[in-house]
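Here's the structure, in structure tokens; my notes come after.
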């Protein structure tokens, strides 16, 4: 099946800001939320000529944030309807994903979204223990998170669950219980992210002052291993650094990012990639709305990648996938073998047990997956 482009829409509103969150998001009154949705629709309209120029035909839609389900449900449905009616979708939509947090969805809202064609919900559980939710500053409880999961399932949606590990005070017993509960819920997709302290967030400031202590490296690596040990026997395949899925349930939209397919981002801070150019919108919500509403571009950064930069980016993104880089496909696309392109560097990384090289593929080793940022910094 030929793959189309991906459409991403950013909704930067939340009921509250989590202390670890570095994404562009904030609280806002409903009037601002509705105005922002109007701005999104205007930006989508303005992008139609570009899509025609580059013959962009879409097959995935991903609405992220923030918390898209924190805005009025009719506004969110209007947004989905406008996206589907504005752009060209070819043979049809393969996947529509909406991000949600427990407490921002009701069975009625989910049924409404499902009627609009939303088949996949990315649910931000983050933890399945009361202590973990408190430490992470989450507004929902464990039971509420599980009810939201079942509500999505009852609405006929596939569910992807987000979890965070490595939070202050976490232990292996808690993490093991969380993963065991997941095997009972059986979501189609699971994303497990190590807690990252983003610059300027409350958690980062607390850690810098010494008032917050994270688990040590050995504990975090143990948490990493436990995901494979517990989810693997239940049919979950580790297919990307942080992502696991049942057979055939990988996130089609996110695979576009990792395989170098074009995508269009709509909204404040949204990024786009239409080879060989990429660009990013303003991350200031008010500035974004003012620019778009005035009929102006909200782009604040744009660059055209040269061949060398595109080859390196393709390598780095593909290595995020556990299957790694298919050398024959890489040669067909770029006219050079990845091992030849990087010369001694890949062999040195192989000697350090960070990558595996064979006749067909280059991929990260088990150790390399754990230290992926270190490997990528060498290859970029």
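The values are calculated or read from the model by the stated rules, or taken from the named source; none is laboratory data. This structure is a prediction, so every number in the text was calculated from the model and none was measured. Using ideal geometry, Cβ is built from the backbone for each residue, glycine included, and neighbour counts are taken over all protein chains shown.
Conditions first: (1) assigned to a loop (DSSP other than H, G, I, E, B); (2) in the same structural domain as residue 367 (by TED's automatic domain parsing); (3) closer than 30 Å to residue 98 by Cβ. Residue 314 passes all but one, so which condition is the exception?
Of (1) assigned to a loop (DSSP other than H, G, I, E, B); (2) in the same structural domain as residue 367 (by TED's automatic domain parsing); (3) closer than 30 Å to residue 98 by Cβ, only one is false for residue 314: (1).
Which of the residues spanning the stretch 263-300 are within 18 Å of residue 46 (Cα to Cα) and either assigned to a loop (DSSP other than H, G, I, E, B) or assigned by TED's automatic domain parsing to the domain that holds residue 160 (or both)?
267, 268, 269, 270, 282, 294, 295, 296, 297, 298
Please state which one of 195, 221 is within 30 Å of residue 284 (Cα to Cα), surrounded by fewer than 21 Cβ atoms within 10 Å (Cβ to Cβ) and in contact (Cβ under 8 Å) with a residue 40 or more places away in the chain.
The conditions single out 195.
Conditions tested, residue by residue: (1) crowded, with 18+ Cβ neighbours inside 10 Å; (2) modelled with pLDDT under 95; (3) in contact with a strand residue (DSSP E or B) (Cβ under 6 Å, 6 or more places away or on another chain); (4) under 30 Å from residue 56 (Cβ atoms).
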{"residue": "80", "(1), (2), (3), (4)": "yes, no, no, yes"}
{"residue": "84", "(1), (2), (3), (4)": "no, no, no, yes"}
{"residue": "98", "(1), (2), (3), (4)": "yes, no, yes, yes"}
{"residue": "103", "(1), (2), (3), (4)": "yes, yes, no, no"}
{"residue": "115", "(1), (2), (3), (4)": "no, yes, no, yes"}
{"residue": "118", "(1), (2), (3), (4)": "yes, no, yes, yes"}
{"residue": "122", "(1), (2), (3), (4)": "yes, no, yes, yes"}
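Just checking, how many residues over the stretch 348-358 are farther than 16 Å from residue 322 by Cβ and either in contact with a strand residue (DSSP E or B) (Cβ under 7 Å, 6 or more places away or on another chain) or surrounded by 13 or more Cβ atoms within 10 Å (Cβ to Cβ) (or both)?
4
Since residue 275 meets every condition but one in (1) over 30 Å from residue 33 (Cα atoms); (2) crowded, with 16+ Cβ neighbours inside 10 Å, which condition does it not meet?
Result: residue 275 fails condition (2) only.
Here are some residues: 227, 220. Which one is touching a helix residue (DSSP H, G or I) at 6+ places or on another chain (Cβ under 8 Å) and assigned to a helix (DSSP H, G or I)?
Only one candidate passes the filter, namely 227.
Would the stretch 229-251 turn up any residue that is modelled with pLDDT under 95 and in contact with a strand residue (DSSP E or B) (Cβ under 9 Å, 6 or more places away or on another chain)?
no
Which one of the conditions (1) surrounded by 21 or more Cβ atoms within 10 Å (Cβ to Cβ); (2) more than 23 Å from residue 98 (Cβ to Cβ) does residue 236 fail to meet, given that it meets all the rest?
Result: residue 236 passes all but (2).
In this structure, is residue 74 assigned to a helix (DSSP H, G or I), in the same structural domain as residue 148 (by TED's automatic domain parsing) and within 23 Å of residue 120 (Cα to Cα)?
Yes.
Assess whether residue 52 counts as being in contact with a helix residue (DSSP H, G or I) (Cβ under 6 Å, 6 or more places away or on another chain) and either farther than 22 Å from residue 141 by Cα or not assigned by TED's automatic domain parsing to the domain that holds residue 168 (or both).
Spelling it out, it is not the case that residue 52 is in contact with a helix residue (DSSP H, G or I) (Cβ under 6 Å, 6 or more places away or on another chain) and either farther than 22 Å from residue 141 by Cα or not assigned by TED's automatic domain parsing to the domain that holds residue 168 (or both).
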